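For reference, the structure is listed below as structure tokens.
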Amino acid sequence: MLLRWYASSLSWDYEYENWTCKNLVVQPDNMKTLIGTAWRICLLLLAVQALGTVSAPGTTLRDSGLSAPEIRQIVQVVSESAFDIPDDWNIELRVQRVELGHYAGLVVQGQDRLCGATANCQIWVFRKVGTKWLPLFSRGEPPISDSFRFGPHRTNGVKDLMISTNLSARKSTSVTYVFDGRFYRKK
């Protein structure tokens, strides 16, 4: 079975003869496989969306809407704790704006050199306080993860962060971080 990504909602595409659910296109070997697989994938995608799982933020630093001083501030924090140095931070890092509860937030995630062999990438979470973006992990402690989500619980006004990390092709582990008033700490 071939899987490809497109932007659409759940529907049957008569021209290409495949089902689409959100962003996933399923091209089956036969109709029976199509119906069962399409519905399972759609339900899985809707469940993941409902849980608020986020992975691989897609906006570059340049396209994030951040000012030049904000970008310099974020790159400085990231470069001090990154386990490698890419040729171009704008290409390496992806940014996603998030709501952390009482604060606006940013998730910054590596895409290539800041990722390991099991598809785990370093992530940094920042919260906006005044004109500054403050890191929510102390220096040298950004986690690596395959996926992450925020909430639903809050600690000290900031949503808890749950990350999932691949240990191998068949094993993963999850960790919850809670906000201690200054940084995220493992629960």
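With a/c under 1.5 counting as rounded, go ahead and sort region 111-183 into rounded, prolate or oblate using the C-alpha gyration tensor (a ≥ b ≥ c being the square roots of the eigenvalues; past the cut-off, prolate if a/b is larger than b/c, else oblate).
Because a/c hits 1.5 or more and a/b fails to exceed b/c, region 111-183 counts as oblate.
Which cross-chain or sequence-distant (5 or more) residues have an amide H under 5 Å from the amide H of Ser172, H modelled 1.01 Å from N in plane?
HN-HN under 5 Å from Ser172: Leu167.
Sort 135-142, 119-126 by the packing proxy (mean of other Cβ within 10 Å over each peptide's residues), most packed first.
119-126, 135-142
Bear in mind that the values in this text are calculations on the coordinates, not laboratory data. In this text the structure is predicted, and so the values were computed from the model without any measurement. FYI the Cβ positions are ideal-geometry reconstructions off the backbone, even for glycines, and counts take in every protein chain you see.
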